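Working notes, beginning with the structure itself.
The values are calculated or read from the model by the stated rules, or taken from the named source; none is laboratory data. Since this is a predicted model, take the numbers as computed values, not measurements. Heads up, the Cβs are rebuilt from the backbone with ideal geometry, glycines too, and the neighbour counts pull from every protein chain shown.
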Protein chains: 2
Amino acid sequence: MRDGFFRAVSTAEFRDLLHGFAPLGLETVPLGAACRRFLAADVVSGEDLPLASRASMDGYAVRAAEVFGAGESNPGYLDLAMDIPIGVIPEAALPPGHCARIVTGAFLPAGADAVVMVEYAEDLGAGAIEIRRPVAPGDNVMLAGEDARRGETALGAGTRLRPQEIGLLAALGVVDVPVGRMPSVALLSTGDELVPAEATPQPGQIRDVNSHALAAMLAQAGAAATTFPLVPDDLDSIRDALKTAAEGHDLTLLSGGSSVGARDFTLEALKSLGAEVLAHGVAISPGKPTILASLYGKPVIGLPGQVTSAQVVLDVFGLPLLAHLAGDKAAFDRAPRTFPALLSRNVASKQGREDHVRVRLEHRPGELPLAHPVLGKSGLLKTLLMADGLIVIPADLEGLAGQAVVAVRPI
Amino acid sequence: MRDGFFRAVSTAEFRDLLHGFAPLGLETVPLGAACRRFLAADVVSGEDLPLASRASMDGYAVRAAEVFGAGESNPGYLDLAMDIPIGVIPEAALPPGHCARIVTGAFLPAGADAVVMVEYAEDLGAGAIEIRRPVAPGDNVMLAGEDARRGETALGAGTRLRPQEIGLLAALGVVDVPVGRMPSVALLSTGDELVPAEATPQPGQIRDVNSHALAAMLAQAGAAATTFPLVPDDLDSIRDALKTAAEGHDLTLLSGGSSVGARDFTLEALKSLGAEVLAHGVAISPGKPTILASLYGKPVIGLPGQVTSAQVVLDVFGLPLLAHLAGDKAAFDRAPRTFPALLSRNVASKQGREDHVRVRLEHRPGELPLAHPVLGKSGLLKTLLMADGLIVIPADLEGLAGQAVVAVRPI
């Protein structure tokens, strides 16, 4: 019996299977390496931030009540009590009827509750300051504790760290950051016809594309991949390579084996190592021959050898798995970032299969861009080269009509 | 006379000034480091790709004309001439009336012009193959030269290299890639009130946020920044730091100096080093106090010290400049990737100033997300922390009305 798609699953089932792999533990990384990682523990603020109220403009610190009603035609007058430089907390409180000259970022003296911008005040000399605009309490002031409060959770576990969160961690003095460990990835390509990119192919041979394209995708996602030497299409070679890869890495991606015979070797090699084959075939196009197994409790994805299929499957399933393992609690729920376009013509699809169609965008001023489907064989490079993004045709549809508004996921 | 905004410019003028800096030269990097870089020279294909026609499915290579009209009820019959394994070019041509068993990726024999999928054929034994579907010439075949043609430009200078372009370069054997040099960036923070993130602030001091948040943004853009020690707010220190930074780096970013006095030091330091101050003040909010100078012919951007302003200005101007210097020919023309949302309420803006408003998104199934403006002082961290993206209010508008469809740029 030919070993066909004995455990073909829907894309939703495939995601559930991926979700079953436990996220890796936490590690502590320096702040400079924490961006794009997922926080592995709550960060509780050890202090108020700002520690005390600070001016957000150059001007004069005042009691707002004392300049109530001040205007161009009826200015208020205050005595200058002090100059507050940057970098110190004023020791003296602001006496009633007084103001303090203050620069952006400097701390307010006790008693002051607002800042009048320098544009609306004038130093009349001899310690008299004319105020030509009223202010409300808190105007032009960053209040103590407005960014974070001592003892409260400033950032929760699972938060994806963007540059602004890195800034908050710096402000709180968190320079060693607990984050989910980023998976180590082993990247294997099988195929007797393959030669390394730097080699000159003999007749019948072709250069290995997948190792390079997939490594680039992984690098963009923040993961360092170990690229293994090319694996010949025989059982022993594939088994040995899979064993070494899975023993030493958190995630193994093996591409190749697009033909039935080669797929069988991969399955046989996995089984002989005691792996559990979780899925063999996914209702997705391109990418149907995808294999998922658990080897030593770690995920192994057998990607199709066709270059387009391999990249689409890594994008649709592999990168969310990477984020899930690295501590992203919503890796499989978060809708990918898309933007709308108008489909240029009908696209047919087979019911029961989720299609990821490459589209080329034609931008039009003032209108939605046109999305032109880029059809072509998934073993070719050109369809992805011509494409700006992907659109999804759900498994329950037989296609999409021209002029439909589609959600384009940029690639 | 107070040195105010003596050379304030519009955002369009600011971009033109940035565009005036010449892109850096080219460098050659290994293929594994070329993703996201800009190709600095045309890549001409040295061969046809594929070199000869290849099967894109498992099945039987045939002459399409010989299975014309074949169907379930009237199958065609061909003699099996050979088995074509992967990795060789068949030496013999396909004799008329014959077919060849072929696997995905294998090269077609001379004479064959299509592949019948294995699902639509049956091996009857004794060398007879039954064909139950017709094929057109080219069906299930990747044609010679379909991806690239010998002697033609496969990728043009200026192309941004994505994973799929990396794949094409691998297929062509281009393992040393000529790309625009990525700028080296010096990152300086000034401010007497600042202490390093790992220090405990004394009363009046605060931890340096900008060095960390800006370095994270630069890293995301693929640039390695050299973070300088914190620079005290005095003329000599700022001048010395700027001199060292600009001598050794392609782009210098100095953040700080939000107060008028500190800004003056930066300007004075630049002038004393012989820099040409190109802009002092930009009609943008946040980010008005931004400075642009040319020092030793290299760009120096004085970013505002306010954390939000610094990040927005780096995003709006700094990152496009980085891409421009690295060889992106459309760095200032390319519209940033946005997606639509519905503004939740009116937002006012000052005419003559381009506003970049932080928005928080509320996702709603089946409807456009709601974009809630996040207002607050640009010295605070929280507005960017709460925000999912930015929307732009052009300088010629006085605001946007609630329920307007806005283009959100994710951050």
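The helices (runs of 4 or more DSSP H) found wholly in region B:302-390 and carrying at least 2 residues that are within 18 Å of the chain's Cα centre (by Cα), surrounded by 21 or more Cβ atoms within 10 Å (Cβ to Cβ) and away from every other protein chain (no Cβ under 11 Å) occupy B:319-325.
For B:Ser211, indicate whether it is buried (at least 24 other Cβ atoms within 10 Å of the Cβ), modelled with pLDDT under 95 and within 9 Å of chain A (Cβ to nearest Cβ). Steps first, answer last, please.
Details: buried (at least 24 other Cβ atoms within 10 Å of the Cβ): yes; modelled with pLDDT under 95: no; within 9 Å of chain A (Cβ to nearest Cβ): yes.
No, not satisfied.
Can you tell me which residue is farthest from B:Pro50 (Cα to Cα) among those in region B:71-116 that are among the hydroxyl-bearing types (Ser, Thr, Tyr) and surrounded by fewer than 24 Cβ atoms within 10 Å (Cβ to Cβ)? Walk me through it before giving the result.
Quick first cut of region B:71-116, residues among the hydroxyl-bearing types (Ser, Thr, Tyr) only: B:73, B:77, B:104.
Subset that is surrounded by fewer than 24 Cβ atoms within 10 Å (Cβ to Cβ): B:73, B:77.
On the way: B:Ser73: 36, B:Tyr77: 30 Å.
In this case the residue turns out to be B:Ser73.
Among the residues of region A:72-80, is any modelled with pLDDT under 95, out of contact with any strand residue (DSSP E or B) (no Cβ under 7 Å at 6 or more places or on another chain) and within 11 Å of another protein chain (Cβ to nearest Cβ)? Scanning region A:72-80, I find no residue that is modelled with pLDDT under 95, out of contact with any strand residue (DSSP E or B) (no Cβ under 7 Å at 6 or more places or on another chain) and within 11 Å of another protein chain (Cβ to nearest Cβ), so the answer is no.
A:Ala246 - would you say it is buried (at least 21 other Cβ atoms within 10 Å of the Cβ), under 22 Å from A:Ala326 (Cα atoms) and modelled with pLDDT of 95 or more?
On the way: buried (at least 21 other Cβ atoms within 10 Å of the Cβ): yes; under 22 Å from A:Ala326 (Cα atoms): yes; modelled with pLDDT of 95 or more: yes.
Considered against the rule, which asks whether it is buried (at least 21 other Cβ atoms within 10 Å of the Cβ), under 22 Å from A:Ala326 (Cα atoms) and modelled with pLDDT of 95 or more, A:Ala246 comes out as yes.
Whether a residue is polar (S, T, N, Q) and under 30 Å from B:Gly191 (Cα atoms) was assessed, and A:Ser73 does not pass this test.
If A:Tyr120 passes every condition in (1) within 48 Å of the chain's Cα centre (by Cα); (2) within 14 Å of chain B (Cβ to nearest Cβ) but one, which one does it miss? Only one criterion in (1) within 48 Å of the chain's Cα centre (by Cα); (2) within 14 Å of chain B (Cβ to nearest Cβ) is unmet by A:Tyr120, namely (2). Annotation: B:Met217 fulfils all but one of (1) more than 9 Å from chain A (Cβ to nearest Cβ); (2) buried (at least 19 other Cβ atoms within 10 Å of the Cβ); (3) out of contact with any strand residue (DSSP E or B) (no Cβ under 6 Å at 6 or more places or on another chain); (4) not in a loop (DSSP other than H, G, I, E, B); the unmet one is (1). Restricting region A:127-142 to residues that are in contact with a Leu (Cβ under 9 Å, 6 or more places away or on another chain) and either within 11 Å of chain B (Cβ to nearest Cβ) or not in a strand (DSSP E or B) (or both), the residue that is surrounded by the most Cβ atoms within 10 Å (Cβ to Cβ) is A:Met142.
Mind counting the residues in region A:154-188 that are in contact with a Ser or Thr (Cβ under 8 Å, 6 or more places away or on another chain) and either at pLDDT below 95 or of a type in the set (A, V, I, L, M) (or both)? Please lay out each step first, then the result.
First, pick out the residues of region A:154-188 that are in contact with a Ser or Thr (Cβ under 8 Å, 6 or more places away or on another chain): A:154, A:165, A:170, A:172-173, A:176-179, A:184-188.
Filter once more, so that each one left must be either at pLDDT below 95 or of a type in the set (A, V, I, L, M) (or both): A:154, A:170, A:172, A:177, A:179, A:185-188.
Residues meeting the conditions: 9.
Listed by first and then second residue, the pairs linking a residue in region A:313-332 that is in the same structural domain as A:Asn210 (by TED's automatic domain parsing) to a residue that is polar (S, T, N, Q) and part of a loop (DSSP other than H, G, I, E, B), with Cβ atoms under 6 Å apart and 6 or more places separating them unless they lie on different chains, are A:Val313/A:Thr290. With respect to the conditions (1) modelled with pLDDT of 95 or more; (2) in contact with a helix residue (DSSP H, G or I) (Cβ under 8 Å, 6 or more places away or on another chain); (3) within 14 Å of chain A (Cβ to nearest Cβ), B:Tyr296 lacks only one, and its number is (3). The set of residues in region B:304-313 that are aliphatic (A, V, I, L, M), under 20 Å from B:Leu194 (Cα atoms) and modelled with pLDDT of 95 or more contains only B:Ala310.
Would you mention how many residues in region B:100-123 are in a strand (DSSP E or B) and free of Cβ contacts under 8 Å to residues at least 24 places away in the same chain? Break it down stepwise before answering.
Applying the first criterion (in a strand (DSSP E or B)) to region B:100-123 yields B:100-102, B:107, B:114-117, B:121-123.
From what is left, the residues that are free of Cβ contacts under 8 Å to residues at least 24 places away in the same chain are B:122.
Residues that pass the stated criteria total 1.
Tell me which strands (runs of 3 or more DSSP E) are completely within region A:151-207 and hold 1 or more residues being within 13 Å of chain B (Cβ to nearest Cβ), surrounded by fewer than 23 Cβ atoms within 10 Å (Cβ to Cβ) and among the charged types (D, E, K, R), or say none if there are none. So that I can check it myself, show each step before the final result.
Details: elements: A:153-155, A:176-180, A:185-189.
Correct list: A:176-180.
So for region A:285-293 (the condition being small (Gly, Ala, Ser), out of contact with any Ser or Thr (no Cβ under 7 Å at 6 or more places or on another chain) and not assigned by TED's automatic domain parsing to the domain that holds A:Ala404), does at least one residue qualify? Looking through region A:285-293, at least one residue is small (Gly, Ala, Ser), out of contact with any Ser or Thr (no Cβ under 7 Å at 6 or more places or on another chain) and not assigned by TED's automatic domain parsing to the domain that holds A:Ala404. Residues that are outside any loop (DSSP other than H, G, I, E, B) and either within 11 Å of chain A (Cβ to nearest Cβ) or without any contact (Cβ under 8 Å) to a residue 12 or more places away in the chain (or both) were ranked within region B:220-236; the one that is surrounded by the most Cβ atoms within 10 Å (Cβ to Cβ) is B:Ala225. Report every pair of residues separated by at least 6 positions or lying on different chains whose Cβ atoms are under 7 Å apart, first residue within region A:35-57 and more than 9 Å from chain B (Cβ to nearest Cβ) and touching a residue at least 40 places away in the same chain (Cβ under 8 Å), second of a type in the set (Lys, Arg) and in a loop (DSSP other than H, G, I, E, B). Cβ pairs passing all conditions: A:Ser45/A:Arg149; A:Ser45/A:Arg150; A:Gly46/A:Arg150; A:Asp48/A:Arg149; A:Asp48/A:Arg150. Only one of the listed residues (A:Arg7, A:Arg2) is touching a strand residue (DSSP E or B) at 6+ places or on another chain (Cβ under 6 Å) and either loosely packed, with under 15 Cβ neighbours inside 10 Å or at pLDDT below 95 (or both). That residue is A:Arg7. Just one of the numbered conditions (1) away from chain B (no Cβ under 14 Å); (2) assigned to a loop (DSSP other than H, G, I, E, B); (3) not polar (S, T, N, Q) is not true of A:Leu267: (2).
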